[in-house]
Structure formats: C-alpha cells, structure tokens
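J.: Got a structure for you, questions after.
The values are calculated or read from the model by the stated rules, or taken from the named source; none is laboratory data. Values in this document were obtained by computation on a predicted structure and should not be read as measured data. Reconstructed Cβ throughout: ideal geometry from the backbone, glycine too, with neighbour counts over all protein chains shown.
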Amino acid sequence: MLLLGSCFVENIGKKLEYFKFQNKLNPFGILFHPSAIRNFLEKVSQKHHFSEEDIFYFNETWHSYQAHSDLNSSQKEEILSRLNSAVSESFEFLKTATHVVITSGTAWGYRLKETGKTVANCHKVPQKNFSKELQEVKEDLLKCVQIIREMNPSAAVIFTVSPVRHLKDGHIENQVSKAKLIQAVYEITLKEEKVEYFPSYEIMMDELRDYRFYSEDMLHPNQTAIDYIWEKFSESWISSEAAGTMKKIDGIQKGLLHRPFNPASEAHQKFTRELQEKIAALQEKHPHMKF
C-alpha cells in the first residue's frame, strides 16, 4: 500500500507497519492539499530529478516547497538526495502496489506569489509571500487517479478526508473546505472504477463526536479514536485470511515487548525459543516480514 496525504494516513500507516504489511508512507512527508499530492505523483511518474533550482535556503536550512519539512536539511546535497530517493523508490513501489490511499486535509491552498504555484508547505516563510485561496480540488484528485492508472492499472484507490479540523482557518472556513473535498471525492467515485471512499471524517464527526475521543488540542483524534477508525478500516479492506495473519503478528509483537524478571530462567528461555519459532514460521510464508 502506498499512503499519501495528511496526518491521518500517518496513523493508518503506523498500524500497517505494526502488522507488517508492505507499505510506503508519505515519501515527501505529510501533504495536506490535493495539489501537493498531485504534484508528488507527477514527479514520481516523470522520474523527476531534483536539482538546486527545486530547493531554497531559508533560516540556515535547505527546503523544498514541494515537500514537508521532514525532508529539510542544513546540507544541500542531503535534501536533494532525500527528494530524489523518495521519487525513485516511489516509482518502483507504485508499479506493484495493490492499493493507494489518498487522504486530503484541506482545500485551502497557499500560492507562492513569486511563482504562482500552490506549495505543499510554507516552511515558516513570511506569510506576505503567499496568497491564501479556497481552491477547487476535483481536477487535482482526478489527476492523481489518472497517474496511478497509467503506472499501475490494477491498483485500487482509496480516498479519505482527514478527520482533523483546521480551525485556524475558521469554523465556517473549515466546513466549506471539508465539503469541497468530500464533494470532489464523491463525484470521482461515481465515475471511476476501483476508486472507493472510506468515511474517516464522517466516523469521527458522527460516531466519535464526544470530546473524550480527542487529544488535548481537541482537534486530533486520540489513540482510542485511531484504534476505532482502524477497526472500521480493517473490516472494510482487510480479508479474513490476512486478519488471521495479523493476529499471529500481534502476538509476536507483544511477545517482543515482554520484559522478563529473570532473563536467564528456563521459563523465559522456553518463551524466547517459541517466539523465534513463530517468527520463523511467519517469515517462511512472508519473507518480507522483519521483526
């Protein structure tokens, strides 16, 4: 699975990593706006090679307006290496991925006045350098589907809308933004084959509307909410066969976290041997798994 977009896919991606699925999570870091996700996929499909003209130096750090600050570096060569590795690795991964999850966070975009292009991240550059716009997003999301189809016709596309409200934009502005995202995805799913919508936003707003399901900022879902939405996602997308394997992996993961009172005891030595046997049996069927 290739997972792209807001921090919601980070939560789903961590669950997939825990259960040893073969996935690639946000190679350009968290991307909130559909145009940023589209730009990433375009760069991947073109095997774009990033050079000095694609980055800029600000506050003693090199940045790219096309990626999250996670890829930033004080060294020019290092950020270019990170960007180019993300593109080349994603190109190979996308060709064989079975699913691509795209989670949009907002329809509000920041357009760099100097170039007229919407950026993925402002990197704390002064706001006077940008114009903030509520943008139409359907074309960007549809282009994402088309790029995926060109590179991998068999991959299923799963759209979601981030359940995190962007209240810094304003309450009404957040609602209008989310509505634009939902309408765009809804219209695309009606016309495109193998494109589905998972209602993470609706689950959070309706089934988990009580504030006990939110973290301290009252905006992000807490671990209870993440686990609940993951369970719903699993019911929708994970086969019963895979669920059985996940149960075995969960047992191994919990076993690896176990801290014995007496590591030298015969009981613990037996526990360790049995755990390694379980790992070996799984790896024989699924060689990609590493514990």
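J.: Being without any contact (Cβ under 8 Å) to a residue 24 or more places away in the chain and among the charged types (D, E, K, R) is the filter; apply it to region 1-46 and report the residue that is nearest to S200 (Cα to Cα). Lay out the reasoning, then the answer.
T.: To start, the set of residues in region 1-46 that are without any contact (Cβ under 8 Å) to a residue 24 or more places away in the chain comprises 10, 13-14, 16-17, 21, 23, 25, 46.
Filter once more, so that each one left must be among the charged types (D, E, K, R): 10, 14, 17.
Working: E10: 13, K14: 16, E17: 19 Å.
So, considering only residues that are without any contact (Cβ under 8 Å) to a residue 24 or more places away in the chain and among the charged types (D, E, K, R), the one nearest to S200 (Cα to Cα) is E10.
J.: On the given criteria, is T224 under 20 Å from T160 (Cβ atoms), touching an Asp or Glu at 6+ places or on another chain (Cβ under 7 Å) and in the same structural domain as I12 (by TED's automatic domain parsing)?
T.: No.
J.: If you don't mind, there's one more thing I want to ask. Do you know which residues across region 167-193 are closer than 22 Å to E139 by Cα and touching a Lys or Arg at 6+ places or on another chain (Cβ under 9 Å)?
T.: N174, Q175, K178, K180, Q183, A184, V185, E187, I188, E192
J.: What helices (runs of 4 or more DSSP H) completely inside region 195-286 contain at least 2 residues that are among the basic types (K, R) and modelled with pLDDT of 95 or more?
T.: In region 195-286, the matching helices (runs of 4 or more DSSP H) lie at 240-257, 266-285.
J.: Another question, if that's okay. Against the definition (without any contact (Cβ under 8 Å) to a residue 24 or more places away in the chain, in a helix (DSSP H, G or I) and in the same structural domain as C7 (by TED's automatic domain parsing)), how does I182 come out, yes or no?
T.: So I182 fits the description; yes.
J.: Same structure, new question: Considering only residues of region 83-116 that are among the basic types (K, R) and in contact with a strand residue (DSSP E or B) (Cβ under 7 Å, 6 or more places away or on another chain), which is surrounded by the fewest Cβ atoms within 10 Å (Cβ to Cβ)?
T.: Looking at the filtered set, the residue picked out is K113.
J.: Filter region 1-52 down to residues that are charged (D, E, K, R) and outside any helix (DSSP H, G or I) and give me whichever is surrounded by the fewest Cβ atoms within 10 Å (Cβ to Cβ).
T.: Of everything passing the filter in region 1-52, K47 is surrounded by the fewest Cβ atoms within 10 Å (Cβ to Cβ).
J.: Under the condition of being in contact (Cβ under 8 Å) with a residue 40 or more places away in the chain and in contact with a Ser or Thr (Cβ under 9 Å, 6 or more places away or on another chain), which residue from region 62-82 is surrounded by the fewest Cβ atoms within 10 Å (Cβ to Cβ)?
T.: S69
J.: Moving on. Out of the residues in region 51-79 meeting the condition of being aromatic (F, W, Y) and more than 22 Å from the chain's Cα centre (by Cα), tell me which one is nearest to V137 (Cα to Cα).
T.: Applying the filter and picking the extreme gives F56.
J.: Look through N23, N11 and report the one residue that is within 24 Å of D227 (Cβ to Cβ) and in contact with a strand residue (DSSP E or B) (Cβ under 7 Å, 6 or more places away or on another chain).
T.: N23
J.: If you go through region 247-257 one residue at a time, do you hit one that is loosely packed, with under 12 Cβ neighbours inside 10 Å and either of a type in the set (V, I, T) or more than 30 Å from M204 (Cα to Cα) (or both)?
T.: yes
J.: For the structure I just gave you, tell me whether Q276 is farther than 17 Å from K15 by Cβ, under 27 Å from the mean Cα position of the chain (by Cα) and surrounded by 10 or more Cβ atoms within 10 Å (Cβ to Cβ).
T.: no
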